Amino acid sequence: TKHFPVRRTGRDLVTGRRRTVHAVDDVSLELRRGTVTALVGESGSGKSTVAGLLARLHPLTAGEIRLDGAPVKAGGGRSFRAYVRRVQLIFQDPFASLNPVHTVRYHLTRALRIHGRAGSGEAELEENLTALLDRVQLTPAHQYLDRFPHELSGGQRQRVAIARALGADPQVLLADEPVSMLDVSIRLGVLNLLKDLKDRLSLAVLYITHDIASARYFADTTLVMYAGRIVEGGESETVTQHPAHPYTQLLIASAPDPDRVVAEAEQEETGSGEPPSLIAPPPGCRFHPRCPKAMARCRTEAPPRFDLEGGQWAACWLYADGGEARHEPRKESA
Ligand code: SF4
Ligand code: MG
């Protein structure tokens, strides 16, 4: 369980003064073992910041993170060290995350040693290395162990990065755009691998993506992020087939082919207009300058979450008081 309103300090580009940027604001999410949660948004929406906060790459300035219900305290305490081991991050660019002068064997051995899982003796280490590569379907292991990153394909490199993360025996995998730099033809294979690992190892996977079509295919739950806030959430099938929030509707309408399984094109920009600056986000609903359905109150009052059917919810005034909503809201939770 993670709950954390967060601020990040940045430099104002206009005045040069330091000020607090609410890169992520009032965000609350829960990752469950054995499920994939997609966090979908444009670049600049704050979705990578969420991953960085969960991986403790950025400090939390407010809010808290809980693992198995227990709050994780900052600083080198026991709960913090356990957390850092249990929560592993997989980056977008596997080439950048692997050291080019070291072999696969080096990377994986190091991960196992750091986490005290290398075993005693050479034979046991070799067994553990082979098991890790088996997990990510790089077999036979001896064909891969002594290769350097540049001797692997992009997909193989990402599998090595995943194997390295598994070396820590994690409960949570944070995958930030894990396939967006890979050839289209191999994306599905890597996503299927993550899906398989989530089932077999009962991992909680946070899948961060700008591609809502892949969220439908790959994630159990989908959360949609806009300008530092989560604006809609629910089962992936529902959110992608019956989006409630106008921003989600725009994302889906502007996806090049809604039926495709994995994005063919990198669609970092979506629909009309640009996502707003997080230094001075619009008042009220942050989406109102781009929203075709904006009403007067949208410009001044930030919408709370309105619960819809089947666990779906949207932070949008359309769903207040029964509204013009397609869904009948049952209750309001602010
Ligand atoms: Fe559009 Fe208003 Fe809903 Fe925001 S709250 S998405 S501006 S209708
Ligand atoms: Mg990013």
>> Need one number for segment 83-205: average projected area of the convex hull over its C-alpha atoms, nm².
In response: 7.0 nm²
> Gly119's amide H: which non-local residues (gap 5+, or another chain) put their own amide H closer than 5 Å, with H modeled 1.01 Å from N in plane and none for Pro or chain starts?
Replying inline: none
>> Just want the ordering: Ser254, Ser97, Ser48, from fewest to most Cβ atoms lying within 10 Å of their own Cβ.
In response: Ser254, Ser97, Ser48
> Once the Cβ-Cβ distance between Ser153 and Ala96 is put in as r, and R0 is 22 Å, what FRET efficiency do you end up with, to the nearest 0.05?
Replying inline: 0.90
> Given H placed 1.01 Å from N in the peptide plane, which residues other than close sequence neighbours of Phe306 have an amide H under 5 Å from its amide H?
Replying inline: Ala314, Ala315, Cys316
> Is the shape of segment 54-150 best called rounded, prolate or oblate, per the rule: a/c under 1.5 gives rounded, else a/b larger than b/c gives prolate, else oblate, with a ≥ b ≥ c the square roots of the Cα gyration tensor eigenvalues?
Replying inline: prolate
> What is the spin-label model distance, in nm, from Glu235 to Ala123 if the labels are put 7 Å beyond Cα along the C-beta direction?
Replying inline: 5.1 nm
> What is the sum of charges around Arg229, taking Lys and Arg as +1, Asp and Glu as -1, for the other residues whose C-beta is under 12 Å from the C-beta of Arg229?
Replying inline: 0
> How do Tyr83, Tyr106 line up, fewest other C-beta atoms within 10 Å first?
Replying inline: Tyr106, Tyr83
>> Compute the distance from the alpha-carbon center of segment 196-216 to that of segment 82-156, in whole Å.
In response: 21 Å
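Quick note: the coordinates plus some simple rules give every number you see, no bench work behind them. Note that the structure is a prediction, hence the values are computed from the model and not measured. Note that each Cβ is placed from the backbone with ideal geometry, even for glycine, and that neighbours are counted across all protein chains shown.
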